[in-house]
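Bear in mind these aren't lab numbers, they're just calculated from the coordinates by the rules spelled out. Since we're looking at a predicted model, the values are computed, not measured. Ideal geometry is used to build each Cβ from the backbone, glycine not excepted, and the neighbour counts take in all protein chains shown.
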Amino acid sequence: MVDWPNLSQKVFLSSIMSTELQKIVFSPSYMSDSFIFARRMKEWFFIDEELCVLVDRLRTTGYRHTLEAELRLKKIKDDPGRWDFTKFLPEFRGKGIVTVVDAAHGDRLLHSSTHGR
């Protein structure tokens, strides 16, 4: 689980070698409304990039899974129907699955990149 995107997560992601990895969970405490979510998307750029590198690297070693990146929102102040979840990890969506879950309300699925594929 990752709370905040920073250099240590980049180092951690670059060290993963397990071909059994299936999901990485991000649980930031600061993304509580659509304005903050939209404003902070640029902070996730290097995570998006590193997840793509991770999948490519694992595939060269026989990785057969589809990696899922899950964003677990701990609290939501406004209607998540107004949020543009497609902007979260846009490059990784081409290599894996991105899901967004409302962890404060019973792990309700708010978005999955597999819908509409």
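The table that follows gives values for the structure above.
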item	result
Evaluated over the stretch 72-117, the Cα radius of gyration and Dmax, each in Å	10.9, 31
Entries of Lys23/Lys95; Lys42/Lys87; Lys10/Lys77; Lys23/Lys74 with Cα pairs more than 20 Å apart	Lys10/Lys77
Kirkwood hydrodynamic radius over Cα pairs of the chain, then Stokes diffusion coefficient at 4 °C and 1.567 mPa s, in µm²/s	89
Modelled FRET efficiency - R0 35 Å, Leu21 with Arg82, Cβ distances, 0.05 increments	0.60
Inter-label distance, nm, simple model (7 Å from Cα along the C-beta direction), Arg59/Glu43	3.0
Dipole moment magnitude, nearest 20 debye, the chain about Cα centre, only Lys, Arg, Asp, Glu C-beta charged	80
Backbone N under 17 Å from the Phe12 label point (7 Å along Cα→Cβ), restricted to the stretch 59-87	68-74
Highest-MSF residue in the chain out of Thr61, Thr19, Thr99 [GNM, Cα springs under 10 Å]	Thr61
Relative contact order [Cα under 8 Å, 6+ residues apart], the chain, whole percent	28
For the stretch 93-117 versus the stretch 35-64, the gap between their alpha-carbon centres in whole angstrom	15
DSSP beta bridge pairing in the chain, given as percent antiparallel to the nearest 5	25
